[in-house]
Amino acid sequence: MNVLSDFWHRHQIRVIAAATIVLLLSLAYWGGFPEHVSIGILAFGLAFLIGVVLFFGFLVYYFYIAPLPEKEQSGLAVSTPSPKIRYIVGTGATIAATFITIGLFWDELWHRLYGVSVVINDFLWRPHILLYAGMGINAIFALGGMFIIMQNGKGTLRQRFRAEPLIGLLTLAAGFQIITAPLDPMWHQIFGLDITAWSLPHLLLGTGLLTVMLVGSSIQFSLVERRSWHIFGSISLNEVLTFVLMALAATVLFQFGTTEWENIGTNIDPTYSFFQRPEWLYPVVLISMSLFIGMAALHLTKRVGSATLVFVMALLLRLVLMNVFNAAVADMSYKADLLTIAPVIALDLWYAYRLRSGQIDAPSTWFGGSLVLALATFVITLPLIGQMMNYPRLYPTVIIGMVVFGLVMAIAAGWAGSHVGAWLRTLGQPAEEQSVAPAIGTQRIFWVGAGALVAVLVFMAVFISTATPPVL
């Protein structure tokens, strides 16, 4: 055991990087590859896109994880900007996430109604404009906040990043989006239409969008007075916005991850590239996504019940969007969101039990919670899948695969979500003088932000209602 612990301590960054590459390649393979493109060109494209991920992963390691040289450790207490900057950047991230979530939903709806081939010649159709606008808003607020930090801060570049680490992380996420967003149309021009939604550019796009929402939620929570693990108690506006952004993150993750299973009808076409995926994969995807987001919400806020709250909000948001856009005509559904509710309730009940027993901070809590959610999925969700979905089909060998790989991914996703949530909470720990009361002037920022959000919603209503469908 000591040998494994020592190996993990010395090589955990390499192991995480290798696991990330394996996961990306597996998802890309299950997404399907175009047949008319040579292996060499395809390998080059895959290598380039994975290189982008590793480059930004290195930047995160360099700025936040790598030990500082001795000369940089002295004088680490550089000047920190006012919490007003967090309010402003957090407001921008919330508005950007709203643009992105609605734009992605609308984009999928138009894909279903008008087909994917029209997108090859019209990447600037209105759903994409809404999506790009969200990315642009996020980049403006993140880069603006980081510029102020760099201007007012002292010390080296890494010291200034670590002075306001969440804003720095949001800036890196914005840079990742700026680079990866144009790669999707470039990929289409070289390789043609996506065979499934799991093309590698889409996976990178989804990763960037998810990161923006997670970091945005952490910035909002950095403005909340810190408490130890709890269930009930007062809840501030910033904590509500934290849950909203987490729910938007869950919505985006589910849209990328589960949409194609919902689109499988009774007449299954065996030549569809979607069927390169193993039939046991769907509940494994549900387990992985719900555990990652649920654990991140729990360990960021340390409020038991937050996992359930986030996914109930995601379900309600899905229902609202489906009703507003009349998405049922395109066979869009809320099945994945509904199938996740019972397992995340089980996760929260496990955390409530651990809180009552005084053991919630033990490492066995996240491990046990991961197994509890997986077990609830097997016992409650699998029978519902059999009743609500045409695919996957449930028979013994498939169920065995669901259980075996579901348990493996439950442990991996539970570890990742709990550690990401705890890390983001640590990065957002406010300075001692900021931890009790918000800065003077933040009420004005709140009302300006609230007004901006209302204006954004009005703009989107007009923008969407006046959109002309693409010419087929």
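The values are calculated or read from the model by the stated rules, or taken from the named source; none is laboratory data. This structure is a prediction, so every number in the text was calculated from the model and none was measured. Virtual Cβ from ideal backbone geometry, glycine too; neighbours counted across all protein chains shown.
Couple of notes before you dig in:
- Residue within the stretch 283-297 that is over 23 Å from ILE385 (Cα atoms), touching a residue at least 12 places away in the same chain (Cβ under 8 Å) and over 14 Å from the mean Cα position of the chain (by Cα) present: no
- Residue in the stretch 134-185 that is nearest to the chain's Cα centre (by Cα), counting only those that are surrounded by fewer than 20 Cβ atoms within 10 Å (Cβ to Cβ) and among the polar types (S, T, N, Q): GLN159
- Applying the condition of being of a type in the set (D, E, K, R), touching a residue at least 40 places away in the same chain (Cβ under 8 Å) and assigned to a helix (DSSP H, G or I) to the stretch 321-374 and asking which residue is farthest from ALA413 (Cα to Cα) yields LYS335.
Residues checked against (1) within 19 Å of TRP125 (Cα to Cα); (2) at pLDDT 65 or above; (3) in a loop (DSSP other than H, G, I, E, B); (4) among the β-branched types (Val, Ile, Thr):
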site: VAL420; (1), (2), (3), (4): no, yes, no, yes
site: TRP423; (1), (2), (3), (4): no, yes, no, no
site: PRO430; (1), (2), (3), (4): no, no, yes, no
site: ILE440; (1), (2), (3), (4): no, no, yes, yes
site: ILE464; (1), (2), (3), (4): yes, yes, no, yes
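- Residue check: ALA422 meets all listed conditions (1) touching a Leu at 6+ places or on another chain (Cβ under 8 Å); (2) of a type in the set (Gly, Ala, Ser); (3) closer than 16 Å to PRO343 by Cα but one, namely (3).
- The stretch 217-275, subset of a type outside the set (Val, Ile, Thr), part of a loop (DSSP other than H, G, I, E, B) and within 19 Å of VAL344 (Cα to Cα), residue modelled with the lowest pLDDT: PHE232
- Selection within the stretch 191-216: residues that are surrounded by 20 or more Cβ atoms within 10 Å (Cβ to Cβ) and in a loop (DSSP other than H, G, I, E, B). The member of this set that is modelled with the lowest pLDDT is ASP194.
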